[in-house]
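Note sheet for the following structure.
The values are calculated or read from the model by the stated rules, or taken from the named source; none is laboratory data. Because the structure is predicted, anything quoted here is derived from the model rather than measured. Virtual Cβ from ideal backbone geometry, glycine too; neighbours counted across all protein chains shown.
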Amino acid sequence: MPLDAWLFLGIAWAIIMGMTGYCFYKLLTSKQQLGSGDEE
Amino acid sequence: MAKKKERWASRVGLVLAMAGNAVGLGNFLRFPAQAAKNGGGAFLIPYFVALVVVGLPLIWVEWAMGRYGGQHGHHSAPGIFQTHSRNRFWKYFGVMGLWSCLVIASYYLYIETWTMAYAGYSLMNGFKGMDPEGVGNFFGSLTGEKDYQLIAISPWGMGLFALCITLNVFILSRGLAKGIELVSKVGMPLLILFAAILAVRGLFITPENDVNAQAPALEGLRFVWEPRYTQLDDPTVWLAAAGQIFFTLSIGMGSIHCYASYLRQQDDIALTGATAGWTNEFCEVILGGSILIPIAVAYLGLSEVQERTAGGSGFSLGFFVFPSLFNKWGAFAPVAGFMWFGLLFFAAITSSLAMGQPLMAFLQQEFNYSREKSALAFGVMLLPLALPVALFHSNAFSDEFDYWAGTVMLVVFAMGEAILFAWISGMDRGWAEMLSGAELQIPRFFYYIIKYVTPVFLLIILVSVVFKPVGEVEMLDKATGKPKTEAQSWTPYLRGLFTGGPFPRWEFAGDGVIGKLLHNDIAETRPAKLKSIDEAIRKAEADLKRTDEQRQAEITALNNESAAIEKKEGLTLEERRAELYKLDNKRKDLEKNRTLTPEAREERLDRLLASRTDAEHFYEALPTWRNIDRLLLVGVYAFLCVLVFWAWSRRRAEGRA
């Protein structure tokens with residue numbers, strides 16, 4: 001595979017994995033949880 | 001007695017449900033084909049631009065609108081829109097959020113049925129030894145669809161379809177936490193696991209370690225990723241990227257609003273929405289881009305894959321070719337087939353459940369239906385749409401449903417909600433709503449993107465879809481050196497603005513809104529289809545006049561050609577295998593033909609002649625059926641408007657309006 005194809009693949013994968021990982025990290029380490037079972 | 005309000009059980013469950021809503025069949029079948037067709041790696045440039053200017057902003061807009069509507073007791077688009085403007089227009093505009101979900105669900109559930117059938121049949125090793133033609137026959141028996149026949153009935157396919165609808169209704173009836181969230185918590189990790197196993201297994205295929213391989217799977221990855229920068233100045237590529245982002249994130253349907261409406265005011269939407277969006281991107285770009293095309297290229301060679309994905313869809317590869325390719329994986333084949341169709345099933349069901357919930361929520365909220373009764377009502381309301389989908393050729397109903405509900409109306413709905421959110425309700429108010437409880441600092445420039453860029457971008461997409469031209473241009477065919485006419489859509493007109501022309505004569509393309517209304521798509525397809533049948537008839541007639549010796553001579557010539565390629569110097573292993581593969585396929589066709597009796601040849605010709613007549617009748621009848629189909633869609637919209645009118649009359653009578 002040519003270098004520029006690897007480059008595009010690498011950058012796109014890095015952005016997506018980085019953002020997905022960051023979001024899940026923040027989400028899983030967050031103290032905020034959803035409330036459950038409000039009465040109506 | 002106080003009624004317990006439905007809520008999501010956990011944030012991770014909500015993220016998986018939202019991501020499941022977004023991750024659909026398109027992630028694995030459409031994205032790789034679109035990327036390969038529209039510039040390879042360079043496609044990712046407009047793709048990420050579209051993600052920033054349309055995708056992420058609209059995700060946050062829909063989450064914010066949904067959560068705000070939920071605080072005022074509304075869980076479906078008509079009510080949610082009404083909370084943002086008191087003008088009644090928006091309530092009836094919001095009906096689109098129920099209508100799209102219902103119409104899309106009618107054919108999406110049918111495709112979900114196929115994935116279920118294929119997964120089961122794979123596990124039973126039913127595809128063992130089958131070639132793509134054999135798999136095509138299995139598909140034909142499942143759908144009952146035959147070329148140029150309007151009626152398509154398959155009793156067992158219908159039975160499975162009923163089972164699939166029942167399964168969805170049952171899960172929906174269990175509610176958010178015990179139904180949708182539970183399925184997403186199981187389905188999404190399994191989907192990712194199956195996809196990862198297939199991607200890793202597939203990417204390591206090389207001709208050295210697999211005798212059946214024509215090329216290394218990385219050749220397929222190259223086909224998807226190799227940047228073709230020259231395509232970046234083609235507006236059609238930018239539109240394709242925006243379209244892909246739009247459809248992959250399930251925006252413009254009303255399902256995100258509905259899911260978000262079960263959140264409380266202080267619950268975060270910025271981080272949760274972004275997580276769901278990026279999870280979808282992970283499934284699409286990383287997993288989706290690494291399975292279908294790399295595996296297909298490894299076993300079929302690049303040219304056949306290019307041919308099969310030229311239309312920008314990987315459906316034919318995924319459903320007709322893949323089961324036969326897995327046969328090359330020996331004992332792992334049934335498991336691989338099960339994993340492929342299993343992941344497609346999970347992708348489909350997590351999306352179809354999201355389509356059912358808005359209508360259910362509407363019936364629960366406005367007519368005090370119980371969960372079970374509203375789920376059943378969703379199943380019943382599906383029938384007038386699902387039955388034509390299952391009983392008629394896909395050209396007559398499901399393709400039309402997909403075009404109007406699954407393509408055009410999504411853009412219309414998204415543009416409406418962007419205007420409502422940013423301009424009518426007010427951007428300052430909207431921005432405050434988005435940031436309420438936010439655990440992720442949304443950069444301030446999104447304020448301006450949502451207010452100015454997103455609506456303009458959507459307007460451009462809409463105008464380009466409504467007035468889409470054929471845009472034919474004369475160009476030189478690189479292969480033959482002769483001039484040829486090629487459809488270029490908007491490209492020659494937009495380039496002509498800068499270069500001063502020439503502009504082709506304006507004709508509406510068959511896949512544009514106006515062209516579609518004028519049935520130009522049928523006018524475009526019909527001559528090509530009839531021509532291909534005529535060509536087959538001509539060949540069959542010529543074959544009748546040939547002797548066995550002539551047929552044998554052709555096979556001998558092919559054998560000699562293969563032997564010459566075996567000895568030819570300067571070819572790489574992949575090139576040699578690809579050449580031999582092509583010749584081998586030709587030889588198989590010729591040998592199959594040689595074994596036919598004269599009666600069988602006569603029968604083949606008769607079948608083709610009958611097919612010619614059927615095709616003529618089919619294309620003559622199709623416009624009428626398309627019109628019936630459109631009347632049905634308008635009728636369903638009107639019916640939902642009446643329901644909304646009735647619901648608000650009840651609200652007024654009860655002093656709730």
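Here are the numbers for the structure shown:
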item	result
Residue match in segment B:125-139 (condition: in the same structural domain as B:ALA348 (by TED's automatic domain parsing), buried (at least 18 other Cβ atoms within 10 Å of the Cβ), in contact (Cβ under 8 Å) with a residue 60 or more places away in the chain and among the polar types (S, T, N, Q))	no
Residue within segment B:578-587 that is among the aliphatic types (A, V, I, L, M), free of Cβ contacts under 8 Å to residues at least 40 places away in the same chain and over 30 Å from B:ASP521 (Cβ atoms) present	yes
Residue in segment B:446-453 that is over 30 Å from B:ASP629 (Cα atoms), surrounded by 17 or more Cβ atoms within 10 Å (Cβ to Cβ) and within 14 Å of chain A (Cβ to nearest Cβ) present	no
Wholly within segment B:391-438, helices (runs of 4 or more DSSP H) carrying at least 3 residues that are at pLDDT 95 or above and either under 16 Å from B:GLY94 (Cα atoms) or in contact with a Gly (Cβ under 7 Å, 6 or more places away or on another chain) (or both)	B:409-419
Residue within segment B:48-58 that is at pLDDT 90 or above and among the small types (Gly, Ala, Ser) present	yes
Scan of segment A:1-27 for residues that are surrounded by fewer than 15 Cβ atoms within 10 Å (Cβ to Cβ) and more than 7 Å from chain B (Cβ to nearest Cβ), ordered by number	A:LEU3, A:LEU7, A:GLY10, A:ILE11, A:ALA14, A:GLY18, A:GLY21, A:TYR25
Within segment B:208-289, helices (runs of 4 or more DSSP H) holding 3 or more residues that are in contact (Cβ under 8 Å) with a residue 24 or more places away in the chain, more than 14 Å from chain A (Cβ to nearest Cβ) and crowded, with 24+ Cβ neighbours inside 10 Å	B:255-260
Counted residues, segment B:15-43 - those being buried (at least 24 other Cβ atoms within 10 Å of the Cβ) and of a type in the set (Lys, Arg)	1
Contacts under 8 angstrom Cβ, first residue in segment B:411-437 being over 25 Å from B:GLN244 (Cβ atoms), partner part of a helix (DSSP H, G or I) and among the charged types (D, E, K, R), 6 or more apart	B:TRP423/B:LYS451; B:MET427/B:LYS451; B:GLU433/B:ARG67
Residue list for segment B:469-489, restricted to those being touching a Leu at 6+ places or on another chain (Cβ under 9 Å) and either modelled with pLDDT of 90 or more or not in a loop (DSSP other than H, G, I, E, B) (or both)	B:PRO483, B:LYS484
Residue in segment B:78-101 that is surrounded by fewer than 24 Cβ atoms within 10 Å (Cβ to Cβ) and among the small types (Gly, Ala, Ser) present	yes
Top-ranked residue of segment B:3-14 - restricted to ones that are of a type outside the set (Gly, Ala, Ser) and surrounded by fewer than 24 Cβ atoms within 10 Å (Cβ to Cβ), ranked as farthest from the other protein chains (Cβ to nearest Cβ)	B:GLU6
